Amino acid sequence: MSSNAQRCATCYGEGAVGGQHGPEACPDCHGLGTLPSATVLTERRLRELEAGYASRGDQVGQDVAWLAGEVRRAHHALIQILAASQDAEQDDPTSAQIRGLANSVLNLYG
Ligand SMILES: [Zn+2]
């Protein structure tokens with residue numbers, strides 16, 4: 001387990017949960033016992049929301065699709081900002097602050 005991996009709270013890190021016919025792979029961590037990165041979890045949830053609302057075919061579905069696109073655009077910008085701050089001098093306090101702020105959302109490293 002990497003130092004940044006978060007133990008799954010659904011299965012308590014075991015990777016399995018009780019089902020009707022015995023143990024089943026945990027639906028949240030897919031049997032790994034740890035959760036994927038915050039970026040992966042966000043993308044997974046966005047896709048669930050899009051799939052759930054797209055079938056409605058109404059304004060709410062269009063609004064959710066727009067909002068999901070904006071979240072993806074913001075995450076992409078944060079990744080670019082994090083990369084740019086890592087290219088800067090490591091001892092520069094402004095770059096370190098920018099890295100910390102971007103990482104507080106992306107949670108790519110601890
Ligand atoms: Zn789990």
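The values are calculated or read from the model by the stated rules, or taken from the named source; none is laboratory data. Computed from a prediction, not measured in an experiment: that's the story for all the values here. Here the Cβ positions follow ideal geometry from the backbone for every residue, glycine too, while neighbour counts run over all protein chains shown.
General remarks:
- Residue check, GLU14 at negative phi, at pLDDT 90 or above, part of a helix (DSSP H, G or I) and among the acidic types (Asp, Glu): no
- Region 1-43, subset surrounded by 12 or more Cβ atoms within 10 Å (Cβ to Cβ) and away from the ligand (no atom under 13 Å from the Cβ), residue nearest to ILE79 (Cα to Cα): THR39
- Residues (exposed (fewer than 15 other Cβ atoms within 10 Å of the Cβ) and among the basic types (Lys, Arg)) located in region 67-110: ARG72, ARG73
- Residues that are at pLDDT below 90, among the charged types (D, E, K, R) and part of a helix (DSSP H, G or I), drawn from region 61-98: ASP87
- Within region 44-62, the residues that satisfy the criterion of being more than 22 Å from ASN103 (Cα to Cα) and surrounded by 12 or more Cβ atoms within 10 Å (Cβ to Cβ) are LEU49, GLU50, TYR53, ALA54, GLY61, GLN62.
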